[in-house]
Amino acid sequence: GELQLVQRRHAQYFAMWADQAAARLHGPDQAIWLARLEGELGNLRAALTWLLDTGHIELAAQLACALGIFWQRHGHYSEGRRWLQQILDRMAQSPAPEPLRARTLQVAATLAYRQGDQQTAQRLLAESLELFQRLSDYSGLARVLFDLGWIEIDRANWSQAIHLNHQSLTLARS
């Protein structure tokens, strides 16, 4: 019975650790933390596997969302998308809290966009936007509108891109 306990503690530890690491990816030490995340990738994968295998979908989603920036910056787009899709599939079977689902959709959309899959990115962002609006989550809305603005920039739809980015900036400032 000790194996299950150790695996649970391992997964909980790395979910918490990844969340703390993600917070440091926006500062002057980001290169150090990206390297640390890369060095712990085996542990992070093991934690995600265990969490999904044992039905701890919320903690798996929190961990995957924390890893979103790392997956982007290190080019692990396909891997990140696979994990996030598994989590979203499980969330469809067993509903998760709406704020977590909205964030998971947004992170998955960002990785899809980075791989040039604008159609999937836009579909995921539309669902995320709807959830963030219902929740009155202005920070989440700002992130989604910013991402939608980038899609419009790629399409050379300048007026819509400016509109979306202006909305994003206004929400971020509030």
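Accessible-area rank, largest first, for Arg114, Arg103: Arg114, Arg103, with all protein chains present and a 1.4 angstrom probe. With K and R counted +1 and D and E -1, the other residues having a Cβ less than 10 Å from that of Arg81 yield a net charge of 0. Within the set of other residues whose C-beta is less than 14 Å from the C-beta of Glu2, count the net charge using Lys and Arg as +1 and Asp and Glu as -1. After counting each charged neighbour, the total is +2. Ligands, DNA and RNA left out, the accessible area of the chain computed with a 1.4 Å probe is 51% carbon and sulfur.
Structural size metrics of the chain, computed from C-alpha coordinates, are Rg and Dmax of 16.6, 60 Å.
A cut-off of 5 Å between modelled amide H atoms, ignoring neighbours fewer than 5 places along the same chain, links Thr54 with no other residue. The order of Thr104, Thr170 by accessible area, most exposed first and with a 1.4 Å probe, is Thr170, Thr104. Per-residue packing, averaged as other Cβ atoms within 10 Å, sorts the ranges 126-133, 59-66 into the order 59-66, 126-133, beginning with the highest.
For the range 10-71, the alpha-carbon coordinates run over 37, 19, 18 Å along the three principal axes, in decreasing order. With all protein chains kept in place, the per residue accessible area of the range 28-78 amounts to 44 square angstrom at a probe of 1.4 angstrom.
Here the dipole of the chain is about 100 debye; that uses its Cα centre as origin and unit charges on the Cβ of Lys and Arg (positive) and Asp and Glu (negative).
The values are calculated or read from the model by the stated rules, or taken from the named source; none is laboratory data. Values in this document were obtained by computation on a predicted structure and should not be read as measured data. Because the Cβ atoms are built from the backbone with ideal geometry, glycine has one as well, and the counts that use them run over all protein chains shown. Each accessible area value is taken on the protein alone, full model and side chains, heavy atoms only, with ligands, DNA and RNA left out. Shrake-Rupley method; radii C 1.70, N 1.55, O 1.52, S 1.80 Å.
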